[in-house]
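**Student:** Mind having a look at this structure? Questions to follow.
The values are calculated or read from the model by the stated rules, or taken from the named source; none is laboratory data. Fair warning: this is a prediction, and the values are worked out from it, not measured in the lab. With ideal geometry, Cβ positions are generated from the backbone for all residues, glycine too; neighbour counts draw on all protein chains shown.
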Amino acid sequence: MKNLLLVIGILFTSFSFASGPIDGKVYGKANLSVVSQDDGGSNEWNLNSNASRLGLKGATKISDGLEVVYQAEYEVCIDSGSCKGQTFKQRNTFAGLKGNFGMVWAGKHDTPTKLAQKKIDLFNDLEGDLKNTFEGENRSSNIIAYTTPSGNGFSATVAMIPAEGEDTDQDGKDDTGLNDGMSYSISFTRDKLYLAVAGDQDIDEQDLTRMVAQYQIDALKLGFMYQQNEDNLGTKDESGYFLSAAYKMDSNITLKAQYGAIEDDVDGDEETTLSLGADYKLAKNTKFFAFYTDNTDSKVDSSDADFSAIGIGMEHKF
């Protein structure tokens with residue numbers, strides 16, 4: 001019944017926005033793929049809903065130079081109808097105030113560190129997603145954040161995350177402060193160049209630093225990331241890099257490739273990810289795609305754990 005009321009509410013507000021004073025819209029995407037995967041010798045076919053979503057976002061002017069901004073976004077698993085037991089799984093959801101001073105906002109959201117990687121991950125939400133190999137791809141609850149206005153190409157975001165009694169730093173004591181976890185990013189954008197430095201402290205039991213670069217040369221877009229991270233217990237101390245390239249052959253076809261590797265200096269373990277693929281644009285908001293991914297987890301004195309997948313799919317945004 002609650003899910004039905006949610007859908008009715010979204011539909012009702014979408015119609016009311018058309019003639020009302022609130023600047024808002026319903027948006028989303030449907031992304032489905034058929035995938036053949038080999039996980040350590042176990043082969044199977046899957047139909048996957050790759051972070052398909054439904055959302056509502058907008059802004060309401062409350063005075064000159066000041067507005068309320070809001071967003072409520074939910075994952076909808078259109079392959080099985082269940083997102084880990086939920087019909088709607090919460091994604092980025094927040095409310096805040098925006099003006100000449102920047103934006104103050106709070107809710108459940110991707111951390112500034114995750115947002116800093118921008119779109120260098122060309123296989124996001126698929127089997128080659130950056131999060132399957134690298135730490136730092138977090139969507140955290142209880143974020144309280146400030147984003148500066150953009151000036152001379154520079155912008156920054158800092159987020160505080162109260163733990164609400166959880167032991168985030170793994171010291172055996174409950175954390176009850178306002179800033180038990182912190183995430184930040186500083187970025188620079190000019191023409192076709194994007195640079196960012198970002199980091200986490202006590203987020204998902206990790207301290208992390210990330211540097212990102214993206215540059216477009218005509219039809220070729222290149223991405224790079226370098227990352228260092230260690231856990232709060234001193235059992236993990238990783239460093240690694242990630243590279244991506246997208247080449248737009250014409251108005252419809254884009255070829256994509258990416259590779260990443262990260263090594264643990266504590267035990268010598270290494271993880272690598274390789275993905276190749278292509279997108280075919282059917283319309284402005286619709287595309288077909290095909291991909292191949294190979295993820296390898298190499299442990300010292302142990303056999304490699306290999307995962308590979310090949311798939312085709314379709315994405316439609318609305």
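**Student:** Looking at Lys108, Lys119 in this structure, which one is over 30 Å from Ala305 (Cβ atoms) and either surrounded by fewer than 20 Cβ atoms within 10 Å (Cβ to Cβ) or in contact with a Cys (Cβ under 7 Å, 6 or more places away or on another chain) (or both)?
**Tutor:** The match here is Lys108.
**Student:** Of the residues Ala261, Ala305, Ala246, which is touching an Asp or Glu at 6+ places or on another chain (Cβ under 7 Å) and crowded, with 17+ Cβ neighbours inside 10 Å?
**Tutor:** Ala261 is the lone residue from the list that is touching an Asp or Glu at 6+ places or on another chain (Cβ under 7 Å) and crowded, with 17+ Cβ neighbours inside 10 Å.
**Student:** Take Asn142 and tell me if it is within 19 Å of the chain's Cα centre (by Cα), surrounded by 15 or more Cβ atoms within 10 Å (Cβ to Cβ), on the phi > 0 side of the Ramachandran plot and without any contact (Cβ under 8 Å) to a residue 60 or more places away in the chain.
**Tutor:** Here the answer is yes, as Asn142 does meet what is asked.
**Student:** Sticking with this one: Can you find a residue in the stretch 232-240 that is among the polar types (S, T, N, Q), in contact with a Phe, Trp or Tyr (Cβ under 8 Å, 6 or more places away or on another chain) and touching a residue at least 40 places away in the same chain (Cβ under 8 Å)?
**Tutor:** no
**Student:** On to the next question. If only one of Asp204, Asp231, Asp180 is within 23 Å of Glu135 (Cα to Cα), modelled with pLDDT under 95 and touching a Pro at 6+ places or on another chain (Cβ under 8 Å), which one is it?
**Tutor:** Of Asp204, Asp231, Asp180, the one residue that is within 23 Å of Glu135 (Cα to Cα), modelled with pLDDT under 95 and touching a Pro at 6+ places or on another chain (Cβ under 8 Å) is Asp180.
**Student:** What tally of residues in the stretch 74-105 results from selecting those that are closer than 30 Å to Leu47 by Cα, touching a residue at least 40 places away in the same chain (Cβ under 8 Å) and out of contact with any Leu (no Cβ under 6 Å at 6 or more places or on another chain)?
**Tutor:** Residues that pass the stated criteria total 5.
**Student:** Quick check: is even one residue across the stretch 275-283 in contact (Cβ under 8 Å) with a residue 40 or more places away in the chain and among the aromatic types (Phe, Trp, Tyr)?
**Tutor:** So far as the stretch 275-283 goes, no, none of its residues is in contact (Cβ under 8 Å) with a residue 40 or more places away in the chain and among the aromatic types (Phe, Trp, Tyr).
**Student:** Can you tell me which residue is modelled with the lowest pLDDT among those in the stretch 145-167 that are β-branched (Val, Ile, Thr) and crowded, with 18+ Cβ neighbours inside 10 Å?
**Tutor:** That would be Ile161.
**Student:** Another question, if that's okay. Output yes when any residue across the stretch 108-125 is touching a residue at least 12 places away in the same chain (Cβ under 8 Å), part of a loop (DSSP other than H, G, I, E, B) and in contact with a helix residue (DSSP H, G or I) (Cβ under 6 Å, 6 or more places away or on another chain), and no when none is.
**Tutor:** yes
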